[in-house]
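Bear in mind that the values in this text are calculations on the coordinates, not laboratory data. Predicted model, so just to flag it, every value in this text is computed and none were measured. Note that each Cβ is placed from the backbone with ideal geometry, even for glycine, and that neighbours are counted across all protein chains shown.
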Amino acid sequence: MANEKTIKLMTYNLKFASPIFEPPWEVRRDMQVALIRKHNPDIIGSQEGLKEQIDYLMDHLPEYVVIGEGRKGGDDDEHMVIFFKRDRFRLREMGSFQLSETPEVIGSGPDSNPRMVTWARLAIINRPADGETSPYPMDYRGHWENNQELYVFNTHFAVGEGMALARLNSARLIVERIRALDRFGEWTRPRPVFLLGDFNARPGSDVYRTFVGDKGEPGILKDSIEGGNGIDWILSRGNVEVRSYEVVDYNIDGVYPSDHKPIQVEFQILDH
């Protein structure tokens with residue numbers, strides 16, 4: 001049984017079901033199921049999946065709960081989806097916002113390729129091991145002592161040289177939303193925050209510095225790997241420690257299920 005305070009997160013751009021991308025989705029879909037089963041993440045932030053793709057993964061990975069919608073609302077456009085293990089987490093709260101001047105208006109932003117964030121507040125399901133006493137007796141009236149929650153944000157930033165300002169403003173908006181989660185009172189434990197996504201920006205960019213800081217000025221988040229890597233990141237905030245970092249090089253005879261390699265990070269949530 002995994003340590004209840006150790007969690008594995010994966011960010012994965014699925015590559016939308018493009019009719020001109022090789023191999024086609026009909027070939028890639030079972031490779032993606034096999035990849036996820038092999039690496040067994042607790043939480044996945046996926047980008048680019050269309051409804052058909054998300055439905056297929058949902059049907060073939062029943063151990064996960066799936067939340068999120070398309071960038072233009074409902075089933076339309078590429079989906080910003082979070083998968084989480086149904087036997088490890090209970091969903092407390094969820095939502096989404098657009099990376100636009102009207103964040104609460106789903107589908108707002110440019111007509112082509114609007115961008116958004118899907119987020120969730122999850123609680124680790126706390127069950128005693130065999131032979132152990134439950135922290136929740138029948139007459140339990142305590143408050144938060146045995147509760148561990150966390151936030152997960154998943155996003156996909158705009159692509160292209162002409163979208164640099166859009167990416168920067170997207171980062172600034174996400175920072176605002178994460179800061180708003182700071183506790184108002186002392187009756188809850190601090191909740192770790194994890195930001196997953198395809199940021200279409202490199203370490204050292206303005207986007208990266210907005211999140212993690214620069215030149216001795218820390219940002220509100222930390223990267224999972226020193227110096228950063230590529231454009232797919234898992235950033236964190238809170239009392240957590242990276243146990244392992246992996247660029248998942250999954251292929252079958254040199255054939256890859258996406259044009260992105262997933263990033264998987266194992267974190268330890270530290271006691272306070």
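For region 58-164, what is the Kirkwood estimate of the hydrodynamic radius, computed as the reciprocal of the mean inverse distance between distinct Cα atoms, to one decimal in Å?
About 16.3 Å for region 58-164.
Checking the a/c ratio against 1.5 first, then a/b against b/c, what shape does the Cα gyration tensor give for region 48-92?
Cα axes put region 48-92 in the oblate bin.
Over region 54-195, what relative contact order in percent results from Cα pairs under 8 Å that are six or more residues apart?
Relative contact order for region 54-195 comes out at 19 percent.
So what's the back-of-envelope 222 nm ellipticity for the chain, counting only DSSP H runs of four-plus at -39500 (n - 2.57) apiece and dividing by all residues, rounded to 500?
Dividing the helical sum by the residues of the chain leaves -5500 deg cm²/dmol.
If you take the beta carbon distance between E63 and Y245 as r and set R0 to 35 Å, what does 1/(1 + (r/R0)^6) give as a FRET efficiency, to the nearest 0.05?
0.90
Looking only at G213, G45, G254, which one moves most when the chain is put into a Gaussian network model with springs between Cα atoms under 10 Å?
Highest fluctuation among the options: G254.
Pick out which of D42, D55, D111 has the largest mean-square fluctuation in a Gaussian network model of the chain, springs linking Cα atoms closer than 10 Å.
Between D42, D55, D111, it is D111 that shows the largest mean-square fluctuation.
Quick check: pseudo-label points 7 Å beyond the Cα along Cα→Cβ at V33 and A180, how many nm apart are they?
Each label point is offset 7 Å from its Cα along the Cβ direction, giving 3.9 nm.
If neighbour count is taken as other Cβ atoms inside 10 Å, put R237, R115, R202 in order from fewest to most.
R202, R237, R115
For region 211-272 and region 68-92, what is the separation of their Cα centres, given in Å?
If we compute the Cα centre of each part, the gap is 20 Å.
Output the peptides 10-16, 176-182 sorted from most to least packed, where packing is the average of other Cβ atoms within 10 Å over each peptide's residues.
10-16, 176-182
List the relative contact order of the chain as a percent without decimals, with contacts defined as Cα pairs under 8 Å and 6+ residues apart.
21
Restricting the calculation to Cα positions, tell me the Rg (one decimal) and the Dmax (whole number) of the chain in Å.
In Å, with Rg to one decimal and Dmax whole: 18.7, 60.
Over the Cα atoms of region 148-217, Rg to Rh with Kirkwood Rh, two decimal places?
1.03
Can you give the charge dipole size of the chain about its Cα centre, rounded to the nearest 20 debye, using +1 on the beta carbon of Lys and Arg and -1 on the beta carbon of Asp and Glu?
Value, rounded to 20: 580 debye.
Give, rounded to the nearest 20 debye, the magnitude of the charge dipole that region 95-218 has about its Cα centre when Lys and Arg contribute +1 at Cβ and Asp and Glu contribute -1 at Cβ.
The calculated dipole for region 95-218 is roughly 140 debye.
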